[in-house]
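Just so you know, all these numbers are worked out from the coordinates, no wet-lab data involved. Bear in mind the structure is a predicted one, so any value in this text is a computation, not a measurement. Virtual Cβ from ideal backbone geometry, glycine too; neighbours counted across all protein chains shown.
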Amino acid sequence: MSEAPAPVEEEPAAEGDGGIPTGDEYLGEPGPPLDRHAPFYVGFFGGAGVLLAIWLAMRIQAVGSTLMLIVVALFLAAGLNPSVEFFERRGMRRSYAVITVILAFLAALTLFLVAIVPVIADQVRTLTENAPEWFAELQRNRQVQRLDDEYDIIDKVQDYVTGGDFLSAIFGGAVGVGLAVLGALFNGFIIIVLTLYFLASLQTTKAAIYRLAPASRRDRVGRLGDRIVRSVGGYVSGAFLVAMCAGISSLVFLFVAGLGQYAVALAFVVALLDVIPMIGATIGAVIVTAIAFATDWKIGVACLIFYVIYQQVENYVIYPRVMSKSVDVPGAVTVIAALVGAALFGVVGALLAIPTAASILMLVREVWVRRQDQL
C-alpha cells in the first residue's frame, strides 16, 4: 500500500539576528515604558486631574440647591425617626409606625396651615399698618431729631423706602416677590416629599450604604452609622422642643404683657429663629422687644427683662437637659461649627453645623483616637 503524503510544513517567517521578524511583519522595536516620574507625564496627567476636579466642582455647584434640599430632608427624616422607634418599642411594626408618624406629621402641618397661618397673616398686616405710626413717634424723639438734623437720616430712609427701588433691590420688583414666594413653596413641598420618602426607606438606605464597606468592617461601620443617625435625630428633635418652649413661653408672656394682638405672630417668629444656634434666640428677642418699645415703653422694659431671664434659663437649664443624650459637643466647637456652617451655607449651614460637628467628633474619638491609643 502506498503511504499517505507527509503534511507540508509552512516555512517560518524570516527572522533576522536575535529572532526579530523581518520584512513586512517587522513593525519596529518596542520602546521603553513611559517614565511615570517624567515631568511631561506628571504635568499632563496632573493637569488633566485638576481640570476634571474643576469640572466636577462646577457640576456639583450647579446642583448645589438640590443637594441642599436632599440634605435638609435627610436631617428631618433622622429627626422623625425617634418617633418611629418609639412606636416600634411599643410593639408596632416599622411600616405601621412609619405610616402613623407620617399621618401625624401631615395632620400637624395641615392644622398649622389652617389654624395658625391666617392668624399670623392678620397680625403681620396689623404690624405693617402700625409701622408708619411707630416711625412718626420715632421722628418725635429728641435724640433722633438731633441725629436727623445733623445727618438727615430719616429723609434718606424715607426716600429709599418710598422711592420705588426698595423692593426691586431686594426681590427684583413685584414679579421677583412672587417668584421668591413660589420658589419657597416649591422647595418646602420638595423637602416634605423627600422627608417622608427617606423616613419610609431609612432602614433600607442605611443597609445599602453599609454594604459598601468591606465585610470585615461592616458591623462596626453599621454601629457607627446607627449612632450618628440617632445623634442627628436626637438633635433635630431636641432643637424642635427647645424652639417650642421658646415659642409657647413667648406666647403666654406676650398675652400677659398686653401684646395679644401680635402675640401669635411674634411667638412664631421667636420659635422659628430659636432653631438657629447662637444668635437665633437673641435676634427673636430683639425683634419682639423693639416692637414692644414702639407700642409702650413699659411693655418694652418688661420684654427686655423677660427675654434676658428666659435666655439664661434656656442656655443653662432647658438646652443642656434636652441635648444631653443626643450631642456631646464642647462649647468652643459649637461656636466654630455654627460660624463655619453659616459662612458656607447660610442659615441652613448653621442649623446643620452642630449635629455634623458631633458626628465628626464621634468618628474621631471612636476611629482615629482609638487607633492611636493602640500604637
Ranked output for segments 97-109, 25-37 by mean other Cβ atoms within 10 Å, highest leading, reads 97-109, 25-37
Efficiency by 1/(1 + (r/R0)^6): what FRET value for L182 and R217, r their Cβ-Cβ distance, R0 = 45 Å, to the nearest 0.05? 0.45
Which ³J(HN,Hα) values, rounded to whole Hz and listed in residue order, are derived for the stretch 84-89 from phi using the Karplus coefficients 6.51, -1.76 and 1.60 in 6.51 cos²θ - 1.76 cosθ + 1.60 with θ = phi - 60°, glycine and proline given as x? 5, 5, 4, 5, 5, 5
